[in-house]
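Encoded as structure tokens, the structure appears first; notes follow it.
Nothing in this text is a laboratory measurement; each read-out follows from the coordinates by a stated rule. This is a predicted model, so every value here is computed, not measured. Ideal geometry is used to build each Cβ from the backbone, glycine not excepted, and the neighbour counts take in all protein chains shown.
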Amino acid sequence: MQSEPKVVIVMPTFNEKDSIGRMIDELCSRVFPRVKNHKMILLVVDDKSPDGTGKIVKEKMKRCKDLYLLEGEKAGLGAAYTRGFRYAIDKLKADAIMEMDADFQHNPGDVPRFVAEFDKGYDYIIGSRYVSGGSIPEAWGLDRKFFSVAGNLIYRVSLLMFDIHDFTTGFRLARVKGYLDTINFGKVFSNSFSYKERLLYEMKKRGAKIKEIPIKFDLRISGDSKMTTNTVTEQLKIIGVIWADRLGITK
Ligand SMILES: Nc1nc2c(ncn2[C@@H]2O[C@H](COP(=O)(O)OP(=O)(O)OP(=O)(O)O)[C@@H](O)[C@H]2O)c(=O)[nH]1
Ligand SMILES: [Mg+2]
């Protein structure tokens, strides 16, 4: 008998003490029981947050059996995802991996919609703010709105990927077999936020069947943003890196 597909949500955290407990409760007690015929797991990848995020997760693990914690040194978002993806594939034997933030900008209630598209046969499901029905926070300042909208436009045009509308979203689901398990994360992922564009490129390169589904991206409920100016530079550099790979001029 075939076992039910295993979906692992990889959730990186750095100083998210005010949201992580609520997020775990929401996923473990409300959302996971709603997803029938799948084994749902939450893997928190915490970089030894000084605010005690890891301690809260350990406490919650006593009651939620589908919760795991992976602790490590802080080396950036891409590095945290690399660790998380590897653990989810090698140790947890995931069939699909979701990326999701801890600060409630991603609605945990949307998780079953991603799984439903995976069941239809899609390999890469992208939670998109820039398709009909999706949105960015009304309260964002003009600068943040501009960077997000213009950034995505720049990616579409410069990477010639006109079928994709949201390159920088961090709410996604990817199939493992034939896709994530063929990617050398350590080699291709940058440690920064730009791992996102690279992962999208790698999935497309492998011929993934892609579906963008609308999401409403909210304001973070508490805590501080981890985006920096460095993030913006890295996110522009990734265009050159992807073109170098396309043209076969990488090492
Ligand atoms: N483990 C780990 N997690 C990180 C790191 N940087 C960011 N995160 C987490 O990744 C998720 C996304 O980071 P955010 O700072 O929320 O980025 P953002 O959503 O683009 O920015 P805001 O809209 O300001 O929240 C959050 O759950 C963070 O706690 C990191 O270096 N290590
Ligand atoms: Mg956030």
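For region 93-109, residues that are away from ligand 2 (no atom under 15 Å from the Cβ) and surrounded by fewer than 23 Cβ atoms within 10 Å (Cβ to Cβ) total 3.
Within the bounds of region 218-236, is there any residue that is farther than 23 Å from THR13 by Cα and among the β-branched types (Val, Ile, Thr)? No, because not a single residue in region 218-236 is farther than 23 Å from THR13 by Cα and among the β-branched types (Val, Ile, Thr).
One line per residue, one yes/no per condition, for (1) touching a residue at least 40 places away in the same chain (Cβ under 8 Å); (2) surrounded by fewer than 19 Cβ atoms within 10 Å (Cβ to Cβ); (3) away from ligand 1 (no atom under 16 Å from the Cβ):
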site	(1), (2), (3)
ASP143	no, yes, no
ALA150	no, yes, no
TYR155	yes, no, no
PHE167	no, no, no
LYS209	yes, yes, yes
SER222	yes, yes, no
SER225	no, yes, no
GLU234	yes, no, no
VAL241	yes, yes, yes
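The number of residues in region 190-207 being closer than 13 Å to ALA174 by Cα, crowded, with 19+ Cβ neighbours inside 10 Å and more than 12 Å from the chain's Cα centre (by Cα) comes to 3. Apart from one condition, ASP18 fits all of (1) within 29 Å of PRO137 (Cβ to Cβ); (2) within 19 Å of the chain's Cα centre (by Cα); the exception is (2). Looking only at residues in region 106-124 that are of a type in the set (D, E, K, R) and outside any loop (DSSP other than H, G, I, E, B), which one is farthest from the chain's Cα centre (by Cα)? Among those that are of a type in the set (D, E, K, R) and outside any loop (DSSP other than H, G, I, E, B), it is ASP119.
Residue count for region 125-139 satisfying the condition of being buried (at least 24 other Cβ atoms within 10 Å of the Cβ) and either more than 16 Å from ligand 1 (Cβ to nearest atom) or part of a helix (DSSP H, G or I) (or both): 1. If you go through region 45-59 and keep only what is away from ligand 2 (no atom under 16 Å from the Cβ) and closer than 15 Å to MET11 by Cα, you end up with LYS48, GLY54, ILE56, VAL57, LYS58.
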